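What follows is a set of notes on a single structure, which appears directly below.
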Amino acid sequence: MLAAMVKRPGELVIEQVEKPKPGPGQFLIKVLASSICNATDNHILEGIFDGNHDRYPQVLGHEVCGEVVELGSDITDVQIGERIAMYTPYGAFQEYVPVDRYGYGFARVPDNLSNEAASICEMFDGAFRGTIAPAEVQPGERVLIVGAGPMGLTAASAAAACGAKVCVMDFHENRLRKAREMGASFTYDRSRMSAKEIVEAVRHDMGEIDLACMCIALDRSEELDAFYVPVETLRENGRMTGLNVEVKLEYHNHRMNPFHLNRKNVKYKHMLERDGSIEDFQRAFRMVSEGKIPIEKLITHRITLDQLPWALDMCHNHLDECIKFIVYPRLGEDGLKE
């Protein structure tokens, strides 16, 4: 079968590999669609990822939707033909993927959800299960999302679906425009406004913020002031959380004065009131299937495996031209670029 293999940092090849067989406690899915994680997939390729993907060689990708085609000997509660969407540690950019029945968790895909949308829904692992759900967002609360990449946009839409009033800050107008489409009431362009100007605008438009979510891997501002806006706009005893992006410590460039957190008695934690659960993950799928979160609006491109190098570069260096790439596990002659 075909697979996109990172042999070592900087070396990505599309090659034939042996089709996996499901072992005890596993089942096998045929990949229907997968999607690029703009940050993590590039971090793995660059060799700066710090976590369970810090190994080589490995099949790239972890956001996947597939059809169950084979069961391990002791699997009794999964059916052939079911559609499954999940995070996979085994690599998503290949034709078949083994699934650990009692591993990290998966969701059965509702009938009205497309394969493409289901593959993107893996992002709820971080954006909803990791930030919005554990923060226990309440209707009427005011939420600031810093970073309008795919994860930030998903978090913004999920917060809005929970009844919060949402504003978003980013550097790219295409992403801010998408944030408004997905439920944000206000957006702020950091490329056109200083951090202090955004603070004043947020206070005017939203009032004091109840929850701020840091949905960025690295700070792209020259001033390295990404934390300034959320801390200054939070109310006293406000809450702050962020995606736990696994980048090696020496590559992080964030700067924050902890006295600002102390002054307002801000509660700052990756998962705030509780840990996220697989029920949160599955609940997010239901929210999408019910039309509460328009996840398909994120899709800007569809590609085949041989277009991965181009697509990864787009996700890393041309953020104003793309948001989310769907990947199909085959090779294309003229491709499916849009």
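The values are calculated or read from the model by the stated rules, or taken from the named source; none is laboratory data. Quick caveat, the model's predicted, so the values are computed rather than measured. Positions of Cβ are generated from backbone atoms using ideal geometry, with glycine treated the same way; all protein chains shown enter the neighbour counts. Side chains included, ligands, DNA and RNA excluded: accessible areas come from the protein's heavy atoms. Shrake-Rupley method; radii C 1.70, N 1.55, O 1.52, S 1.80 Å.
Summary table
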| quantity | calculated |
| --- | --- |
| Which numbered condition LEU28 fails, given (1) in contact with a helix residue (DSSP H, G or I) (Cβ under 6 Å, 6 or more places away or on another chain); (2) open to solvent by less than 40 Å² (accessible area, probe 1.4 Å) | (1) |
| Count - residues of region 160-190 that are in a loop (DSSP other than H, G, I, E, B) and under 15 Å from GLY149 (Cα atoms) | 6 |
| Residue check, SER157 buried (at least 24 other Cβ atoms within 10 Å of the Cβ) and at pLDDT 95 or above | yes |
| Those residues of region 98-112 which are under 20 Å from GLY126 (Cα atoms) and either open to solvent by less than 50 Å² (accessible area, probe 1.4 Å) or in a loop (DSSP other than H, G, I, E, B) (or both), in sequence order | VAL99, TYR102, GLY103, TYR104, GLY105, PHE106, ALA107, VAL109 |
| Qualifying strands (runs of 3 or more DSSP E) (wholly inside region 220-338; at least 2 residues being in the same structural domain as ARG192 (by the TED database) and modelled with pLDDT under 95) | 234-242 |
| Among the candidates ALA212, ALA195, ALA164, residue that is aliphatic (A, V, I, L, M), open to solvent by less than 10 Å² (accessible area, probe 1.4 Å), touching a Pro at 6+ places or on another chain (Cβ under 9 Å) and touching a residue at least 24 places away in the same chain (Cβ under 8 Å) | ALA212 |
| Residues that are of a type in the set (A, V, I, L, M) and either in contact with a Pro (Cβ under 8 Å, 6 or more places away or on another chain) or open to solvent by 40 Å² or more (accessible area, probe 1.4 Å) (or both), drawn from region 216-246 | LEU218, LEU224, MET240 |
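This table checks each residue for (1) buried (at least 21 other Cβ atoms within 10 Å of the Cβ); (2) among the aliphatic types (A, V, I, L, M); (3) part of a helix (DSSP H, G or I).
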| residue | (1), (2), (3) |
| --- | --- |
| VAL13 | no, yes, no |
| LYS21 | no, no, no |
| PRO24 | no, no, no |
| SER34 | yes, no, no |
| ASP41 | yes, no, yes |
| GLY51 | no, no, no |
| TYR56 | no, no, no |
| GLY66 | yes, no, no |
